[in-house]
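*Asks:* Before anything else, here's the structure in question.
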Amino acid sequence: MLSLYKLEIFGTVVQVGSFSGAAQRLYMTQPAVSQHIQDLEARLGTPLFLRGRRGVTLTPAGKTLYEYTQRILQLVAEAESAVTNVQHLDSGQVTIGATPGVSVYLLPEWIGSFRTLYPQLNVSIQTATTTEIADAVLEHQLDVGFVEGELDTIASKRLGSAILRPVDLFVVVSGSHPWHERERVSVADLDEQPFITRQPGSRTRAWIDDLFSQKGVRPRIVGEFDNQEAIKRAVISNIGVSILPDYAIARETSAGVLYCLPIEDVTLERQMKLIWDTKSPFTAVARAFLSHLVMHFPGIEKVLST
């Protein structure tokens with residue numbers, strides 16, 4: 001791996017045009033500067049400078065390395081600035097939008113661990129649909145959004161998005177339902193089955209309706225709710241069955257009050273995504289929050305480096 005310290009010396013030699021000038025600027029001896037450059041050349045297996053009486057000029061390989069060196073040193077400076085800004089913030093807030101499931105079942109844990117590190121910073125949450133969150137991010141009402149629905153064409157062109165994790169969905173039934181001892185079900189099994197679902201207009205409802213339409217299945221809708229917690233309670237009461245994401249049913253399945261069944265003839269999976277406005281840089285607090293989430297979602301690191 002290339003040494004950042006040696007790259008800094010290399011960049012200084014390029015800027016001043018000579019080894020002696022770089023040595024003076026860096027308060028080093030000229031032989032020490034020369035040795036660091038030789039180490040880089042040995043590491044890369046190619047000369048970086050053409051030495052002459054009037055100084056040095058870059059070789060083609062040297063020009064390429066200098067382009068990357070500038071970018072690397074700029075990123076280092078930005079990282080130092082971002083960390084310093086957050087540590088010295090006496091107060092600040094990040095405003096986050098999230099679809100209902102993420103808002104209820106995942107965000108509280110993320111926020112709790114974040115505020116343990118940064119108790120002086122606040123996190124504001126707005127729960128809404130994917131479309132509403134996308135619009136609010138573009139209107140700068142939200143710093144970032146966490147969604148599971150698909151973005152429409154216009155929003156997807158203006159927003160940055162990164163997949164954080166797949167979300168597996170299961171058919172869920174109560175312990176008193178005849179299916180609770182089964183290992184799996186088919187889509188056809190849901191035909192005419194009492195079914196509890198999200199309200200019309202939600203992306204989740206549209207997604208499930210489309211799935212049933214493609215398979216020619218028509219469950220009997222016996223309940224429509226605007227949140228997953230209400231759906232779970234209805235299923236536990238054996239009013240009907242439903243389809244819910246893995247993160248929403250972990251506690252109930254462990255307790256044995258709900259049973260989750262994969263559908264054998266179709267893959268039930270959605271994508272949890274982070275969305276942001278590509279034309280607006282992250283605030284210091286938003287960047288700190290996203291950096292904290294890298295432990296859960298390593299892909300965020302790439303988002304922060306762009």
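Here, each number is a calculation from the coordinates, and none is a lab measurement. As the structure is a computational prediction, the values presented were derived from the model and not from experiment. A quick note on method: Cβ atoms are made from the backbone with ideal geometry, for glycine too, and the neighbour counts reach across all protein chains shown.
*Asks:* Hey, fewest Cβ within 10 Å first, where do S156, S18 land in order?
*Replies:* Working: S156 13, S18 17.
Ascending number of Cβ neighbours within 10 Å: S156, S18.
*Asks:* Tell me the Kirkwood radius of region 229-306: reciprocal of the mean inverse pair distance over distinct alpha-carbon atoms, in Å.
*Replies:* 15.9
*Asks:* Taking all pairs of different Cα atoms in region 130-228, averaging 1/r and flipping that mean, what Kirkwood radius in angstroms comes out?
*Replies:* About 16.0 Å for region 130-228.
*Asks:* Using +1 at the Cβ of each Lys and Arg and -1 at the Cβ of each Asp and Glu in the chain, identify which of W110, G201, V16 lies farthest towards the dipole's positive end.
*Replies:* It is V16.
*Asks:* So, in nm, how far is label T59 from label S280 when the simple model puts each one 7 Å beyond its Cα toward the Cβ?
*Replies:* 4.8
*Asks:* Further question: Expressed as a rounded percentage, what relative contact order does region 79-227 have, with Cα pairs under 8 Å and six or more residues apart?
*Replies:* 20
*Asks:* Starting from the Cα gyration tensor of region 1-67, take the square roots of the eigenvalues, sort them a ≥ b ≥ c, and report rounded, prolate or oblate (rounded when a/c is under 1.5, otherwise prolate if a/b is larger than b/c, else oblate).
*Replies:* On the way: a/c = 1.59, a/b = 1.17, b/c = 1.36.
In terms of gyration-tensor shape, oblate.
*Asks:* Net charge near G201, counting Lys/Arg +1 and Asp/Glu -1 over other residues with Cβ under 13 Å of its Cβ?
*Replies:* Value of the local net charge: -1.
*Asks:* Counting alpha carbon pairs within less than 8 Å and at least 6 residues apart, what relative contact order, in whole percent, applies to region 4-87? Could the numbers behind the result be given before it?
*Replies:* Numbers: 63 pairs, mean separation 23.0, N = 84.
Value for region 4-87: 27 percent.
*Asks:* Hey, fewest Cβ within 10 Å first, where do Y259, Y5 land in order? Provide the component values of the computation, followed by the final result.
*Replies:* Working: Y259 21, Y5 9.
Lowest count first: Y5, Y259.
*Asks:* Continuing with this model, one more query. Per 10 Å bin, what percent of the C-alpha pairs of region 14-109 does each bin hold, from zero upward?
*Replies:* Distribution as computed: 12, 28, 22, 13, 12, 11, 2 percent.
*Asks:* Still on this structure, I have one more. Would you mind telling me the antiparallel percentage of the DSSP bridges in the chain, rounded to 5?
*Replies:* Values: 24 of 41 bridges.
Beta bridges within the chain, antiparallel portion: roughly 60 percent.
*Asks:* Roughly how many Å is it from the Cα centre of region 118-154 to that of region 217-244, as a whole number?
*Replies:* 27
*Asks:* Quick check on the chain: helices-only [θ] at 222 nm, where DSSP H runs of length 4 and up contribute -39,500 (n - 2.57) each and the sum goes over total residues. Nearest 500, please.
*Replies:* -14500 deg cm²/dmol
*Asks:* Still on this structure, please answer the following. Rounded, prolate or oblate: which fits region 166-270 when a ≥ b ≥ c are the square roots of the eigenvalues of the alpha-carbon gyration tensor, with rounded for a/c under 1.5 and prolate only if a/b beats b/c?
*Replies:* It comes out rounded by the Cα gyration axes.
*Asks:* At 10 °C and 1.306 mPa s, what whole-number value in µm²/s does Stokes-Einstein give for the translational diffusion of the chain, with Rh from the Kirkwood sum over Cα pairs?
*Replies:* 68
*Asks:* Could you work out the local net charge near D191, counting Lys and Arg as +1, Asp and Glu as -1, over the other residues with Cβ closer than 11 Å to its Cβ?
*Replies:* +1
*Asks:* With a Förster radius of 51 Å, plug the Cβ-Cβ distance of D168 and S20 into 1/(1 + (r/R0)^6) and report the FRET value to the nearest 0.05. Working shown, then result.
*Replies:* Numbers: r = 64 Å, r/R0 = 1.25.
Plugging the Cβ-Cβ distance into 1/(1 + (r/R0)^6) gives 0.20.
*Asks:* Lys pairs in the chain, Cα-Cα under 21 Å, at least 8 apart or on separate chains: how many?
*Replies:* Lysine pair count for the chain: 6.
*Asks:* Quick one: compute the contact order of the chain, relative version, from alpha carbon pairs under 8 angstrom and 6+ residues apart, as a percent. Could the numbers behind the result be given before it?
*Replies:* Details: 458 pairs, mean separation 62.1, N = 306.
Computed value for the chain: 20 percent relative contact order.
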